[in-house]
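The values are calculated or read from the model by the stated rules, or taken from the named source; none is laboratory data. The structure displayed is predicted, hence computed values, not measured ones. All Cβ positions, glycine included, derive from the backbone under ideal geometry; neighbour counts span all protein chains shown. Keep in mind that these areas ignore ligands, DNA and RNA; they rest on the heavy atoms of the full protein, side chains included. Shrake-Rupley method; radii C 1.70, N 1.55, O 1.52, S 1.80 Å.
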Amino acid sequence: MAPKKAQAKKPQKKAAVKRPPEKEPESSPRRTSARHESQDSPQAGSATPSPSHRALVLSSPARLRVQVPNSGSQSSLEAGLVQLRRNRQLCDVTIASGFGKILAHKSVLAAHSEILARQLQDLTELDLRQASHEAVEFVVKFCYGEVGQEDFAPSTSQVNEEILKISSDFGLPAL
């Protein structure tokens, strides 16, 4: 009698668990996968498209919500530029005033005045020593969006005149 050969046990397949489909929020569009076939595609007309030929098709329009900050609030760009100036980072022009020096960014000043844009191309220092430090600082803060017409409160009429002269000399009519 021949000995019985041990038979290898076949691994049992696990039953697939079906999960209920997840519900999408009503505001989000439904996405479906679609085949993208074109005349130029080597896959045109083939039964199984390659992954590079699949496109995302939105079956319903998406809702877009835009939040616009109040006109009085600073944008993140303005706030970032102000922070860079206060931290004396990446400043590329020094403005000499009657009392001291103020660091700034040429691009910010040039964005407000074509006259400043032309003058600052080849300069690293702008001489405004004829004006008080307060007047020059106010003009710089105005260019950075830190102060506006509602904040216009120079300490003296002399400072007010200096601000108006700087504004006129550099073509800053909004000031």
Looking only at the range 121-136, decide whether some residue is open to solvent by 20 Å² or more (accessible area, probe 1.4 Å), within 22 Å of Leu84 (Cβ to Cβ), within 26 Å of the chain's Cα centre (by Cα) and of a type outside the set (Phe, Trp, Tyr).
yes
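Determine if the range 65-73 includes at least one residue that is out of contact with any strand residue (DSSP E or B) (no Cβ under 8 Å at 6 or more places or on another chain), at pLDDT below 95 and open to solvent by less than 70 Å² (accessible area, probe 1.4 Å).
Keep residues of the range 65-73 that are out of contact with any strand residue (DSSP E or B) (no Cβ under 8 Å at 6 or more places or on another chain), which gives 65-73.
Right, trim to at pLDDT below 95 and you get 65-73.
Of the ones still in play, those that are also open to solvent by less than 70 Å² (accessible area, probe 1.4 Å) are 73.
So far as the range 65-73 goes, yes, one or more of its residues are out of contact with any strand residue (DSSP E or B) (no Cβ under 8 Å at 6 or more places or on another chain), at pLDDT below 95 and open to solvent by less than 70 Å² (accessible area, probe 1.4 Å).
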Subset tally (residues that are within 23 Å of Arg118 (Cα to Cα), of a type in the set (D, E, K, R) and assigned to a helix (DSSP H, G or I)) for the range 72-108:
3
Since Ile115 meets every condition but one in (1) open to solvent by 30 Å² or more (accessible area, probe 1.4 Å); (2) not in a helix (DSSP H, G or I), which condition does it not meet?
(2)
